[in-house]
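Quick notes on the structure that follows.
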Amino acid sequence: MSQINEFPKSVIEKLGYYVYMLIDPETNKVFYIGKGTGNRIFAHINTAISSPLESDKLSKIRLIHSKGLQVKHSIIRHGLTEKEAFEVEASLIDFIDIRELTNIVVGHHSDNRGLMNITEVIAQYNASDIEIAEPVILITVNRLFRRNMNDDEIYEITRGNWVVGERRNKAKFAFSVYNGVVRQVYEIQKWFPIKARSQDSKTQDRWRFTGIVAQDLQHYIGGCVEKYIGAQNPVKYVNC
(Lines give C-alpha, C1' and ligand atoms only; values in the text may rest on other atoms or scores of the structure.)
Protein backbone atom coordinates (compact mmCIF):
# COMPACT_ATOMS: atom_id res chain seq x y z
CA MET A 1 0.00 0.00 0.00
CA SER A 2 1.39 3.41 -0.96
CA GLN A 3 1.98 5.93 1.79
CA ILE A 4 -0.55 8.72 2.22
CA ASN A 5 1.15 12.09 1.89
CA GLU A 6 -1.72 14.53 2.31
CA PHE A 7 -5.16 14.82 3.89
CA PRO A 8 -8.35 15.32 1.88
CA LYS A 9 -9.60 18.91 2.12
CA SER A 10 -12.70 17.73 3.95
CA VAL A 11 -10.49 16.26 6.70
CA ILE A 12 -8.35 19.39 7.01
CA GLU A 13 -11.45 21.53 7.61
CA LYS A 14 -12.43 19.42 10.63
CA LEU A 15 -9.02 18.45 11.99
CA GLY A 16 -8.03 21.73 13.62
CA TYR A 17 -4.71 21.93 15.44
CA TYR A 18 -3.20 18.52 16.17
CA VAL A 19 -0.16 16.93 17.78
CA TYR A 20 1.60 14.11 15.99
CA MET A 21 4.59 11.82 16.17
CA LEU A 22 6.93 10.29 13.60
CA ILE A 23 7.95 6.70 14.28
CA ASP A 24 10.80 4.49 13.09
CA PRO A 25 9.08 1.44 11.51
CA GLU A 26 11.97 -0.88 12.44
CA THR A 27 11.99 -0.15 16.16
CA ASN A 28 8.56 1.45 16.68
CA LYS A 29 10.38 4.23 18.57
CA VAL A 30 9.15 7.79 18.33
CA PHE A 31 11.86 10.09 16.91
CA TYR A 32 9.93 13.34 16.50
CA ILE A 33 7.00 15.12 18.15
CA GLY A 34 5.30 17.99 16.38
CA LYS A 35 2.17 20.08 16.15
CA GLY A 36 0.41 21.82 13.30
CA THR A 37 -2.59 22.17 11.05
CA GLY A 38 -3.39 21.01 7.54
CA ASN A 39 -0.73 18.77 6.06
CA ARG A 40 2.03 19.72 8.49
CA ILE A 41 2.49 16.08 9.55
CA PHE A 42 3.63 15.20 6.00
CA ALA A 43 5.91 18.22 5.48
CA HIS A 44 8.98 16.57 7.04
CA ILE A 45 8.85 13.62 4.66
CA ASN A 46 8.44 15.89 1.64
CA THR A 47 11.35 18.10 2.76
CA ALA A 48 13.62 15.10 3.33
CA ILE A 49 12.91 13.85 -0.19
CA SER A 50 13.03 17.11 -2.12
CA SER A 51 15.34 19.43 -0.18
CA PRO A 52 19.11 19.46 0.49
CA LEU A 53 18.52 20.79 4.01
CA GLU A 54 20.21 18.89 6.82
CA SER A 55 19.04 18.07 10.34
CA ASP A 56 18.91 15.05 12.64
CA LYS A 57 15.22 14.62 11.83
CA LEU A 58 15.73 14.75 8.05
CA SER A 59 18.73 12.41 8.26
CA LYS A 60 16.61 9.92 10.19
CA ILE A 61 13.85 10.06 7.59
CA ARG A 62 16.33 9.59 4.72
CA LEU A 63 17.92 6.63 6.49
CA ILE A 64 14.52 4.96 6.86
CA HIS A 65 13.73 5.56 3.18
CA SER A 66 17.15 4.21 2.13
CA LYS A 67 16.12 0.87 3.64
CA GLY A 68 12.98 0.78 1.51
CA LEU A 69 10.78 1.55 4.53
CA GLN A 70 8.26 4.28 5.27
CA VAL A 71 8.03 6.53 8.30
CA LYS A 72 4.99 5.78 10.44
CA HIS A 73 2.73 8.69 11.44
CA SER A 74 0.39 8.91 14.41
CA ILE A 75 -1.84 11.77 15.49
CA ILE A 76 -2.07 11.89 19.27
CA ARG A 77 -4.66 14.64 19.75
CA HIS A 78 -6.65 16.68 17.26
CA GLY A 79 -9.43 19.26 17.28
CA LEU A 80 -7.25 21.42 19.54
CA THR A 81 -6.72 25.14 19.85
CA GLU A 82 -3.21 26.39 19.13
CA LYS A 83 -2.58 26.89 22.85
CA GLU A 84 -3.73 23.34 23.66
CA ALA A 85 -1.49 21.95 20.89
CA PHE A 86 1.53 23.76 22.37
CA GLU A 87 0.85 22.24 25.79
CA VAL A 88 0.31 18.68 24.53
CA GLU A 89 3.45 18.84 22.37
CA ALA A 90 5.58 20.16 25.23
CA SER A 91 4.25 17.53 27.65
CA LEU A 92 5.06 14.69 25.27
CA ILE A 93 8.58 15.98 24.56
CA ASP A 94 9.20 16.19 28.31
CA PHE A 95 7.80 12.69 28.83
CA ILE A 96 9.87 11.04 26.12
CA ASP A 97 12.96 13.25 26.82
CA ILE A 98 14.33 15.68 24.23
CA ARG A 99 17.59 13.66 24.15
CA GLU A 100 15.71 10.69 22.70
CA LEU A 101 14.16 12.76 19.91
CA THR A 102 15.36 14.60 16.82
CA ASN A 103 13.51 17.74 17.91
CA ILE A 104 15.94 20.67 18.10
CA VAL A 105 14.25 22.44 21.02
CA VAL A 106 12.01 21.55 23.92
CA GLY A 107 8.33 22.39 23.80
CA HIS A 108 6.60 25.71 24.41
CA HIS A 109 6.84 26.91 28.05
CA SER A 110 8.94 23.86 29.04
CA ASP A 111 11.36 26.10 30.92
CA ASN A 112 8.67 27.28 33.31
CA ARG A 113 6.01 24.58 33.26
CA GLY A 114 7.84 21.54 31.95
CA LEU A 115 9.02 18.33 33.55
CA MET A 116 10.19 18.93 37.13
CA ASN A 117 11.01 16.89 40.20
CA ILE A 118 9.42 17.81 43.53
CA THR A 119 12.34 20.00 44.63
CA GLU A 120 12.13 21.98 41.38
CA VAL A 121 8.38 22.50 41.72
CA ILE A 122 8.85 23.92 45.23
CA ALA A 123 11.72 26.10 44.04
CA GLN A 124 9.63 27.38 41.15
CA TYR A 125 6.64 28.45 43.22
CA ASN A 126 7.92 28.90 46.76
CA ALA A 127 11.42 30.32 46.48
CA SER A 128 12.09 32.81 49.28
CA ASP A 129 14.58 35.65 49.02
CA ILE A 130 17.87 34.83 50.73
CA GLU A 131 20.61 36.95 52.27
CA ILE A 132 24.09 35.84 51.23
CA ALA A 133 26.77 36.29 53.88
CA GLU A 134 29.74 34.68 52.11
CA PRO A 135 31.92 36.04 49.25
CA VAL A 136 30.14 34.52 46.27
CA ILE A 137 30.02 34.58 42.50
CA LEU A 138 26.49 34.00 41.17
CA ILE A 139 26.53 32.23 37.81
CA THR A 140 23.28 32.21 35.85
CA VAL A 141 23.04 29.13 33.61
CA ASN A 142 19.63 29.75 32.02
CA ARG A 143 20.81 29.04 28.46
CA LEU A 144 22.46 25.74 29.36
CA PHE A 145 20.16 24.37 32.04
CA ARG A 146 17.56 21.70 31.38
CA ARG A 147 15.26 19.84 33.71
CA ASN A 148 16.47 16.71 35.50
CA MET A 149 20.18 17.33 34.90
CA ASN A 150 22.39 15.18 37.08
CA ASP A 151 24.98 16.56 39.51
CA ASP A 152 27.90 16.26 37.08
CA GLU A 153 25.99 18.05 34.33
CA ILE A 154 25.05 20.97 36.58
CA TYR A 155 28.67 21.27 37.70
CA GLU A 156 29.93 21.35 34.10
CA ILE A 157 27.57 24.10 32.94
CA THR A 158 28.33 26.17 36.06
CA ARG A 159 32.12 26.01 36.17
CA GLY A 160 32.76 27.81 32.90
CA ASN A 161 33.70 29.22 30.50
CA TRP A 162 33.14 32.81 31.76
CA VAL A 163 34.47 36.29 31.10
CA VAL A 164 35.61 37.30 34.60
CA GLY A 165 38.34 39.57 35.95
CA GLU A 166 40.63 39.48 38.97
CA ARG A 167 37.64 39.92 41.24
CA ARG A 168 36.93 36.22 40.71
CA ASN A 169 39.72 35.42 43.16
CA LYS A 170 37.81 37.06 46.01
CA ALA A 171 34.86 34.68 45.60
CA LYS A 172 35.13 31.58 47.77
CA PHE A 173 31.92 30.02 46.50
CA ALA A 174 30.03 29.74 43.20
CA PHE A 175 26.23 29.54 43.12
CA SER A 176 24.62 27.84 40.13
CA VAL A 177 21.49 29.88 39.38
CA TYR A 178 18.59 29.08 37.08
CA ASN A 179 15.54 31.35 36.73
CA GLY A 180 16.74 33.33 39.74
CA VAL A 181 16.83 30.29 42.03
CA VAL A 182 19.97 28.64 43.46
CA ARG A 183 20.35 25.09 42.15
CA GLN A 184 23.74 24.14 43.65
CA VAL A 185 26.62 25.70 45.63
CA TYR A 186 30.30 24.95 45.01
CA GLU A 187 33.43 25.75 46.96
CA ILE A 188 35.89 27.15 44.43
CA GLN A 189 39.32 25.51 44.52
CA LYS A 190 41.05 27.03 41.50
CA TRP A 191 40.43 29.17 38.40
CA PHE A 192 42.25 28.51 35.14
CA PRO A 193 42.10 30.27 31.74
CA ILE A 194 40.48 28.92 28.58
CA LYS A 195 41.00 30.37 25.11
CA ALA A 196 37.65 30.85 23.40
CA ARG A 197 36.29 32.68 20.38
CA SER A 198 33.69 35.40 20.82
CA GLN A 199 30.78 36.07 18.45
CA ASP A 200 32.98 38.41 16.37
CA SER A 201 35.56 35.58 15.99
CA LYS A 202 38.12 37.25 18.25
CA THR A 203 40.03 35.08 20.69
CA GLN A 204 39.53 36.07 24.31
CA ASP A 205 40.40 34.68 27.70
CA ARG A 206 37.60 33.00 29.57
CA TRP A 207 37.88 31.32 32.92
CA ARG A 208 36.75 28.02 34.38
CA PHE A 209 36.89 26.86 37.96
CA THR A 210 37.38 23.54 39.66
CA GLY A 211 35.50 22.97 42.88
CA ILE A 212 33.50 20.70 45.11
CA VAL A 213 29.94 20.83 46.39
CA ALA A 214 29.84 23.13 49.43
CA GLN A 215 28.14 20.85 51.92
CA ASP A 216 27.91 23.55 54.61
CA LEU A 217 26.01 25.91 52.28
CA GLN A 218 23.31 23.57 51.03
CA HIS A 219 20.70 25.66 52.86
CA TYR A 220 20.99 28.21 50.04
CA ILE A 221 19.64 25.77 47.46
CA GLY A 222 16.10 26.68 46.43
CA GLY A 223 16.54 30.27 47.54
CA CYS A 224 15.73 33.24 45.31
CA VAL A 225 18.63 35.55 44.41
CA GLU A 226 16.89 37.77 41.86
CA LYS A 227 17.63 40.91 43.89
CA TYR A 228 21.37 40.31 43.37
CA ILE A 229 21.26 39.49 39.66
CA GLY A 230 21.74 42.03 36.88
CA ALA A 231 19.60 42.16 33.78
CA GLN A 232 22.10 40.70 31.28
CA ASN A 233 25.45 39.67 32.73
CA PRO A 234 25.37 35.97 33.69
CA VAL A 235 27.99 36.62 36.39
CA LYS A 236 27.38 38.68 39.53
CA TYR A 237 29.61 39.11 42.58
CA VAL A 238 28.26 39.31 46.13
CA ASN A 239 30.44 40.35 49.09
CA CYS A 240 33.57 40.34 46.94
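The values are calculated or read from the model by the stated rules, or taken from the named source; none is laboratory data. For clarity, every value in this text was computed on a predicted model and none was experimentally measured. As a convention, Cβ positions derive from the backbone with ideal geometry for all residues, glycine included, and neighbour counts pool all protein chains shown. SASA here: full protein model, heavy atoms, side chains in, ligands and nucleic acids out. Shrake-Rupley method; radii C 1.70, N 1.55, O 1.52, S 1.80 Å.
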Item to check | Residue identified as touching a Lys or Arg at 6+ places or on another chain (Cβ under 7 Å), modelled with pLDDT of 90 or more and in a strand (DSSP E or B) among I154, I188, I212 | outcome: I188
Checklist entry - Which pairs do you get when a residue that is more than 10 Å from I130 (Cβ to Cβ) and assigned to a loop (DSSP other than H, G, I, E, B), found in region 218-231, comes within reach of a residue that is open to solvent by 10 Å² or more (accessible area, probe 1.4 Å) and of a type in the set (S, T, Y), reach meaning Cβ atoms under 8 angstrom, with the pair 6+ apart or on two chains? => result I229/T140
Checklist entry - In region 1-50, how many are of a type in the set (V, I, T), touching a helix residue (DSSP H, G or I) at 6+ places or on another chain (Cβ under 8 Å) and closer than 25 Å to F95 by Cβ? => result 5
Next on the checklist: List the residue pairs whose Cβ atoms are under 7 Å apart, where the first residue sits in region 129-151 and is touching a residue at least 60 places away in the same chain (Cβ under 8 Å), the second is open to solvent by 40 Å² or more (accessible area, probe 1.4 Å) and β-branched (V, I, T), and the two are 6 or more positions apart or on different chains.
Outcome noted: L138/I229; T140/I229
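Just to verify a result, which residue in region 158-178, among those that are among the small types (G, A, S) and crowded, with 17+ Cβ neighbours inside 10 Å, is farthest from V238 (Cα to Cα)?
Of the residues in region 158-178, the ones among the small types (G, A, S) are 160, 165, 171, 174, 176.
Adding the requirement that they be crowded, with 17+ Cβ neighbours inside 10 Å leaves 160, 171, 174, 176.
Numbers: G160: 18, A171: 8, A174: 10, S176: 13 Å.
Per the stated criteria, the residue is G160.
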Checklist outcome for this item: Residue hits (region 68-118; charged (D, E, K, R) and at pLDDT below 85) are D94, D97, R99, E100, D111, R113
